[in-house]
1. Would it be correct to say that ILE98 is open to solvent by 10 Å² or more (accessible area, probe 1.4 Å) and touching a helix residue (DSSP H, G or I) at 6+ places or on another chain (Cβ under 6 Å)?
2. Is region 124-144 home to any residue that is open to solvent by 10 Å² or more (accessible area, probe 1.4 Å), at pLDDT below 95 and closer than 16 Å to VAL44 by Cα?
3. Could you tell me how many of the residues in region 164-195 are surrounded by fewer than 20 Cβ atoms within 10 Å (Cβ to Cβ) and closer than 14 Å to ASP142 by Cβ?
4. Filter region 12-61 down to the residues that are of a type in the set (Gly, Ala, Ser), farther than 22 Å from PRO161 by Cβ and at pLDDT 90 or above and list them by number.
Amino acid sequence: MAANSLAAGWVVVVPVKGSSGAKSRLGNMPERAALADTIALDTVTALLAASAVDRVFVVTGSGRLGIRLAALGAVIVPETVANTTGHDRLNAAIEQGIAAARLVCPDANLAVMTGDLPALRLADVDTVFGLAAAHLRSMVPDAEGIGTTTLLARAGVMLVPRFGLDSRAAHEKAGHVVLDLPSRSSIRRDVDTAADLDVARALGLGPNTSVLLHSVQH
């Protein structure tokens, strides 16, 4: 591995669904679609503020949400995945984002992060990238230890997303080292359910999600 890869910054690919079907496991929660949007906005805002992050590429099929994310400073990659659903579609969208990021920033370290981390803290982001610099491939599991919230590869190293059921095991098998982070780290606290949202709220939600939930509850 070239020495300059250690000094290179990180480019992060974030897949964002941005549709009325987003976060369906939140059930009949009021403003569910809007909540999914604010969670994505807070995730990307935190990443853009991190000193180690050079650029954030967001893959989304929502032009409406894409405009809001671009206003934050993200590079928008319009999702063009067709004839796939579920995790196959998610991984295909991520691969589209990876291709765009590699084209624009071929010498950067690369990360893929899920867009549902509303309590994401700068300190946790910086910690992850610091730890990841010691490995060619690495990953951050979700709080349950089964899924994946973040997948990382140093500059020039191939990264193939395997998000879905038991993605941690799939990513470990592909050579990604599990980074040592406590389960309460904000980067492990993705939100799929109302219980997940409660935990994120206890950690401290980002401003967009906080404002929305406050308005719904009052």
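The values are calculated or read from the model by the stated rules, or taken from the named source; none is laboratory data. Bear in mind the structure is a predicted one, so any value in this text is a computation, not a measurement. Neighbour counts run over all protein chains shown; Cβ positions are idealised from the backbone, glycine included. The area values use the complete protein model at the heavy-atom level, side chains included, leaving out ligands, DNA and RNA. Shrake-Rupley method; radii C 1.70, N 1.55, O 1.52, S 1.80 Å.
1. Details: open to solvent by 10 Å² or more (accessible area, probe 1.4 Å): yes; touching a helix residue (DSSP H, G or I) at 6+ places or on another chain (Cβ under 6 Å): no.
Considered against the rule, which asks whether it is open to solvent by 10 Å² or more (accessible area, probe 1.4 Å) and touching a helix residue (DSSP H, G or I) at 6+ places or on another chain (Cβ under 6 Å), ILE98 comes out as no.
2. Yes: one or more hits.
3. Start the filter on region 164-195 by keeping residues that are surrounded by fewer than 20 Cβ atoms within 10 Å (Cβ to Cβ), which leaves 164-166, 169-170, 172-175, 177-178, 180-184, 192-195.
Checking the rest, the ones that are also closer than 14 Å to ASP142 by Cβ come to 164-166, 169-170, 172, 178, 181-184, 192-193, 195.
Number of matching residues: 14.
4. ALA49, SER51, listed by residue number.
Yes/no matrix, rows are residues, columns are (1) of a type in the set (Gly, Ala, Ser); (2) in contact with a helix residue (DSSP H, G or I) (Cβ under 7 Å, 6 or more places away or on another chain); (3) more than 23 Å from SER183 (Cβ to Cβ):
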site: GLY73; (1), (2), (3): yes, yes, yes
site: ILE76; (1), (2), (3): no, yes, yes
site: VAL112; (1), (2), (3): no, yes, no
site: LEU122; (1), (2), (3): no, yes, no
site: VAL125; (1), (2), (3): no, yes, no
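Per-residue answers, yes or no, for (1) basic (Lys, Arg); (2) at pLDDT 95 or above; (3) open to solvent by 60 Å² or more (accessible area, probe 1.4 Å); (4) under 14 Å from the mean Cα position of the chain (by Cα):
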| site | (1), (2), (3), (4) |
| --- | --- |
| VAL77 | no, yes, no, no |
| THR80 | no, no, yes, no |
| THR85 | no, no, yes, no |
| ALA108 | no, yes, no, no |
| MET113 | no, yes, no, yes |
